[in-house]
1. Tally time: how many residues in region 269-323 are within 19 Å of the chain's Cα centre (by Cα), part of a loop (DSSP other than H, G, I, E, B) and on the phi < 0 side of the Ramachandran plot?
2. Which ones in region 183-230 are in a loop (DSSP other than H, G, I, E, B), over 26 Å from the mean Cα position of the chain (by Cα) and closer than 20 Å to residue 279 by Cα?
3. Among the residues of region 249-264, are any more than 30 Å from residue 297 (Cα to Cα) and out of contact with any helix residue (DSSP H, G or I) (no Cβ under 6 Å at 6 or more places or on another chain)?
4. Within region 71-119, count every residue that is surrounded by fewer than 19 Cβ atoms within 10 Å (Cβ to Cβ), within 19 Å of residue 31 (Cβ to Cβ) and touching a helix residue (DSSP H, G or I) at 6+ places or on another chain (Cβ under 8 Å).
5. Based on this model, can you work out whether residue 156 counts as surrounded by 24 or more Cβ atoms within 10 Å (Cβ to Cβ) and assigned by TED's automatic domain parsing to the domain that holds residue 77?
6. Name every residue in region 44-57 that is modelled with pLDDT of 95 or more and part of a loop (DSSP other than H, G, I, E, B), in order of residue number.
7. For a quick check of your reading of the model, give me the residue pairs whose first member lies in region 105-122 and is assigned by TED's automatic domain parsing to the domain that holds residue 140 and farther than 13 Å from residue 44 by Cβ, whose second is modelled with pLDDT of 95 or more and part of a loop (DSSP other than H, G, I, E, B), with beta-carbon atoms closer than 7 Å and at least 6 apart or on different chains.
8. Could you list, in sequence order, the residues of region 255-270 that are under 29 Å from residue 109 (Cα atoms) and touching a strand residue (DSSP E or B) at 6+ places or on another chain (Cβ under 9 Å)?
């Protein structure tokens with residue numbers, strides 16, 4: 001009998017242009033296949049790309065769950081992870097969030113629950129394929145995806161075989177925003193007084209969002225009152241106008257009080273969580289222990305690791321953001337091999 005996620009998927013709208021591509025784009029027996037896929041969730045169509053390693057299969061598979069904003073399948077971190085996992089025998093599905101790339105809809109109007117429904121539909125698509133091991137489909141959530149992937153995994157305990165969380169938070173989005181504002185300003189050389197002022201501005205903006213009173217005049221009044229502070233452009237980028245701030249606050253209102261810990265407690269599959277020691281957005285000192293304690297209430301198989309010298313994208317901190325800090329890929333490989341194998 002079909003699971004709720006299988007019915008949710010609709011199931012498969014289209015599986016397009018499935019060919020095995022060599023390095024130059026020609027068919028090649030030893031190359032991964034690359035296939036455009038699409039799945040319908042409600043009135044939204046999600047588009048993505050599924051890459052499957054060569055060989056007879058069926059293969060274990062990973063859905064990469066992206067972070068905040070209009071993230072697409074081409075985000076460099078996700079492309080790098082896909083390439084690495086393909087070489088190790090995993091099929092990888094990367095997708096465009098609602099309103100990004102080839103997907104319809106609007107990510108800024110999407111709740112976390114709707115995002116989790118999207119992920120479950122994509123995982124159901126994989127489980128229905130003969131070249132994928134239905135009992136070895138897992139999720140990898142990065143950044144905001146670290147809230148979404150556990151939500152998807154907790155909804156159907158037997159649907160998701162394993163979960164990887166990269167730079168995820170155990171705080172609410174509102175708490176994480178305030179924490180990252182303080183830490184980033186202190187790292188930039190501002191004192192605690194300046195950081196406190198910036199946090200106060202963020203709290204005032206949060207109050208507007210939480211109260212449903214986001215409108216340009218009120219937002220502009222708050223921004224104007226702080227615009228002469230030396231930290232202001234580190235918090236509100238120069239290119240961000242009042243209208244865009246309002247749009248972001250309306251989206252924040254949909255997600256800001258999502259409680260991560262009760263969701264983490266409902267995850268029953270094996271979990272690996274990696275944090276970057278130098279992450280300016282998700283402080284491991286505030287999140288790693290909190291996440292581990294919550295996860296251990298739901299599953300015994302939990303590994304939480306802080307990677308020395310790594311940033312938010314698990315890159316070497318202080319670099320351009322591409323590539324992986326020492327120890328990241330080794331941690332992923334050893335954990336996945338022990339829990340998933342091929």
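1. 14
2. Correct list: 189, 190, 191.
3. There is at least one residue in region 249-264 that is more than 30 Å from residue 297 (Cα to Cα) and out of contact with any helix residue (DSSP H, G or I) (no Cβ under 6 Å at 6 or more places or on another chain).
4. Matching residues across region 71-119 total 2.
5. Here the answer is no, as residue 156 does not meet what is asked.
6. Matches in region 44-57: 53 only.
7. What qualifies is 112/258.
8. The answer is 264, 267.
The values are calculated or read from the model by the stated rules, or taken from the named source; none is laboratory data. Everything numeric here is computed off the predicted structure, so don't read it as measured data. Cβ sites come from the backbone with ideal geometry, for glycine too, and all protein chains shown count toward neighbours.
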